[in-house]
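No lab work stands behind these numbers, since they all come straight from the coordinates. As the structure is a prediction and not an experimental result, all values here were calculated from the model. Don't worry about glycine lacking a Cβ; one is built from the backbone with ideal geometry, like all the others, and counts go over all protein chains shown.
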Amino acid sequence: MPSEPIRNTTARWRALDVRHHLSPFADYKTLKQGDGGSRIITEAKGVYLTDSEGQTLLDGMAGLWCVNVGYGRQELAEAAYRQMLELPYYNTFFKTATPPAVELSEKLAEIAPEGMNRVFYGSSGSESNDTVVRLVRRYWNLRGQPEKNHFISRTHAYHGSTMASASLGGMPFMQEGFGLPLPGFHHVMPPYWLDFAERDDDGTDESPADFGLRAARAVEEKILEIGADKVAAFIGEPIQGAGGVIVPPETYWPEIQRICARHDVLLIADEVICGFGRTGYWFASEPFGIKPDLMTLAKGITSGYIPLSAVMVSDRIGEVLESGEGEFAHGYTYSGHPVACAVALANIALIESDGLVEKVREETAPYLAERLQSLAGHPLVGQVRSFGLLGAVELVEDKARRKHFEPIGRVGTLCRDHCFANGLVMRAVRDGMVLSPPLIIEKPQIDELIDKARICLDLTAQDLGIAI
Ligand code: PXG
């Protein structure tokens with residue numbers, strides 16, 4: 001009779017969750033008032049999750065954009081087990097290192113864009129973005145330009161939750177009331193055509209190519225406003241993930257690259273979501289033509305099996321760091337953690353042996369793009385975007401006018417809840433339904449995902465009284 005104890009366990013876990021667990025990005029008052037409590041996820045295999053009540057969910061988000069090789073991979077568990085028995089922990093401070101930390105550094109240098117040969121480790125994307133701020137300031141100090149210490153980022157950017165990474169981020173609700181952004185952090189518009197493209201009087205929309213150039217030039221205007229002698233770096237995700245899977249026009253990144261070079265501003269690519277095969281390339285800098293000076297990595301580096309992050313540093317920066325007097329006074333107890341690095345090595349080996357980068361580029365990304373297009377005609381859908389295995393279905397009130405529902409976010413949440421109830425995890429960013437499935441997803445599972453998404457769109461339209 002397994003059903004009885006399982007139900008009791010669910011009730012117990014939910015009660016404990018409400019009583020003792022402060023979840024990230026949660027509304028504690030609503031949780032406390034009892035809105036049913038959290039869903040308890042107990043197991044997962046491949047692309048499917050199971051909750052404590054036995055419901056199966058197709059995980060369209062790969063956890064939080066991270067479980068690239070899918071759930072339940074024995075090779076990763078074995079790598080952790082072996083390393084824990086051999087050397088569970090040792091630090092990388094004070095002139096010590098461990099085999100997994102140095103082996104992983106070599107491997108990352110091999111797969112990273114050319115000329116990125118040095119790595120600094122942390123345990124989260126937030127830490128890697130805090131590290132990048134300090135590395136960049138150290139670099140300009142060593143170059144004798146300490147006043148070159150300002151950072152430019154974009155609205156809708158997500159770079160983490162620590163004080164510096166949330167300052168880099170462009171989400172006002174994470175900053176208001178927290179004394180953020182810290183001084184020296186600036187934001188410009190994102191390359192988000194749907195919201196920011198202009199429309200002339202006769203109703204013609206600005207072309208994506210023109211808009212991409214204009215969005216890039218917003219960075220140049222900001223550099224000139226602050227003064228190029230004060231701007232240290234520009235940071236951006238090749239595709240903004242948590243901001244709503246904002247895929248920039250092709251003109252955007254090459255222009256950003258030119259602007260950064262012209263003003264001697266470093267270019268940081270936040271590849272925390274985009275890296276490790278997500279876009280059909282090892283790193284998204286490649287297809288977007290970005291030549292980063294620094295690159296931050298996390299999530300897919302271990303497929304989320306264990307916390308690990310990294311900053312990759314180009315030779316140009318690395319040589320300056322190595323020429324300066326004194327130490328770089330920065331690091332974490334778990335920098336280069338041997339178990340995390342051993343898992344990362346096993347994870348990269350799996351991405352290679354499964355051929356996931358090529359599979360995404362040649363097979364599943366084109367298929368996902370094609371299947372998503374089949375949703376474009378739905379009355380709620382204003383735009384469908386995808387690149388690699390990142391996708392978004394943006395729900396709008398009026399397609400022709402690119403007009404959002406009000407209040408923004410309500411319809412997305414409705415749809416998200418229908419997805420959960422119907423066995424699909426799809427996250428809502430404002431009213432954009434975003435997707436980032438494990439890279440092992442097969443075509444029939446993409447069909448299942450799209451079929452489920454269509455049902456949930458229909459249910460959402462029904463809630464709103466909109467004819468399908
Ligand atoms: N950079 C990017 C591009 C991210 O997406 C971070 C940095 C920070 O990583 P850590 O490991 O510190 O969380 C992220 C994280 C969401 C969601 O709801 C997205 C993230 C984290 C939590 C929720 O989409 N991205």
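Scan around N117 for amide H atoms under 5 Å from its own, H built in the peptide plane at 1.01 Å from N, and keep only partners 5 or more places away or cross-chain.
Residues meeting the criterion, in which the H sits 1.01 Å from N, are V313, D315.
Compute the Rg/Rh shape ratio of the stretch 74-353: radius of gyration over Kirkwood radius, all on alpha-carbon atoms.
Working: Rg = 19.1 Å, Rh = 19.4 Å.
Radius of gyration over Kirkwood radius for the stretch 74-353 works out to 0.99.
How long is the gain from D417 to F178 if the chain were fully straight, where each residue apart is worth 0.36 nm and the alpha carbon distance is subtracted?
Here the segment from D417 to F178 would lengthen by 83.1 nm.
Give me the number: length gained by fully extending A15 to I111, i.e. 0.36 nm times residue separation minus the C-alpha to C-alpha distance, one decimal in nm. It would help to have the intermediate numbers written out before the result.
Numbers: separation 96, 0.36 × 96 = 34.56 nm, distance 4.54 nm.
Between A15 and I111, full extension yields 30.0 nm more.
For the stretch 166-309, what relative contact order do you get, as a whole percent, if you take Cα pairs closer than 8 Å and at least 6 residues apart?
Relative contact order, the stretch 166-309: 18 percent.
Taking other Cβ within 10 Å of each residue's Cβ, how do L389, L464, L266 sort, fewest first?
L464, L266, L389
Please list 275-285, 243-253, 348-358, 419-429 highest first by mean number of surrounding beta-carbon atoms within 10 Å per residue. Numbers along the way, then the final one.
Working: 275-285: 26.0, 243-253: 22.6, 348-358: 17.3, 419-429: 20.2.
Descending mean neighbour count gives 275-285, 243-253, 419-429, 348-358.
Hey, what's the Kirkwood Rh for the chain if you take every pair of different alpha carbons, in angstrom?
That comes to 23.3 Å for the chain.
For a Förster distance of 30 Å, can you work out the FRET efficiency between the beta-carbons of E325 and K230, rounded to the nearest 0.05?
Numbers: r = 24 Å, r/R0 = 0.80.
Given R0 = 30 Å and the Cβ-Cβ separation, E is 0.80.
Length gain on complete extension for the stretch E147 to E103, per 0.36 nm per residue less the alpha carbon to alpha carbon distance?
12.2 nm
Could you give me the ³J(HN,Hα) list for the stretch 191-201, computed from phi with Karplus coefficients 6.51, -1.76, 1.60 and θ = phi - 60°, whole Hz, x at Gly and Pro?
Running phi through 6.51 cos²θ - 1.76 cosθ + 1.60 with θ = phi - 60° gives x, 10, 4, 3, 9, 10, 5, 8, 9, 8, 4 Hz.
Run down the aspartates and glutamates and flag those whose C-alpha is under 20 Å from the C-alpha of K95, throwing out any fewer than 8 positions away in its chain.
E103, E106, E319, E322, E325, E327
Can I get the semi-axes of the stretch 224-284's equivalent ellipsoid? Compute them from the C-alpha gyration tensor as square roots of 5 times the eigenvalues, in angstrom, largest first.
24, 11, 11
Taking every DSSP beta bridge with both residues inside the chain, roughly what % is antiparallel (nearest 5)?
Antiparallel: roughly 70 percent of the beta bridges in the chain.
What does the charge add up to near V231, with Lys and Arg as +1, Asp and Glu as -1, over the other residues with Cβ less than 11 Å from its Cβ?
Net of charged neighbours comes to -2.
What residues qualify as long-range amide H neighbours of F387, i.e. H under 5 Å apart, gap of 5 or more or another chain, H built at 1.01 Å from N?
Those qualifying (amide H under 5 Å, at least 5 residues apart or on another chain) number zero.
HN-Hα J couplings of the stretch 384-389 from phi, Karplus 6.51/-1.76/1.60, θ = phi - 60°, integer Hz, Gly and Pro as x?
Values, residue by residue: 10, 10, 7, 7, x, 9 Hz.
Which peptide among 450-462, 70-82 comes first, and what is the full order, when sorted by highest mean count of other Cβ atoms within 10 Å? Numbers along the way, then the final one.
Values: 450-462: 19.2, 70-82: 16.6.
Packing proxy ranking, top to bottom: 450-462, 70-82.
Once you wrap a convex hull around the alpha carbon atoms of the stretch 31-171, what is its projected area averaged over all directions, in nm²?
If I average the Cα hull's projected area over directions, I get 13.7 nm².
Order these peptides, 93-102, 321-330, by their mean beta-carbon neighbour count within 10 angstrom, highest first.
93-102, 321-330
Starting from the Cα gyration tensor of the stretch 290-366, take the square roots of the eigenvalues, sort them a ≥ b ≥ c, and report rounded, prolate or oblate (rounded when a/c is under 1.5, otherwise prolate if a/b is larger than b/c, else oblate). If you can, show how the numbers build up before the last one.
Working: a/c = 3.15, a/b = 1.60, b/c = 1.97.
Note, shape of the stretch 290-366 comes out oblate.
Please compare each pair in K45/K443; K222/K299; K107/K291; K29/K299 to a cut-off of 21 Å on the Cα-Cα distance and tell me which ones are over it.
Violating the 21 Å limit, Cα to Cα: K222/K299; K29/K299.
Using θ = phi - 60° and the Karplus curve 6.51 cos²θ - 1.76 cosθ + 1.60, what whole-Hz ³J(HN,Hα) does each residue of the stretch 159-172 get, with Gly and Pro shown as x?
10, x, 10, 6, 4, 6, 5, 6, 6, 5, x, x, 10, x
Report, by chain and number, residues whose modeled amide H sits under 5 Å from the one on D270, excluding near sequence neighbours (fewer than 5 apart, same chain).
The answer is G236, E237, T296.
Run the numbers on the chain and let me know its relative contact order in percent, using alpha-carbon pairs under 8 Å that are six or more apart.
Contact order relative to length: 19 percent.
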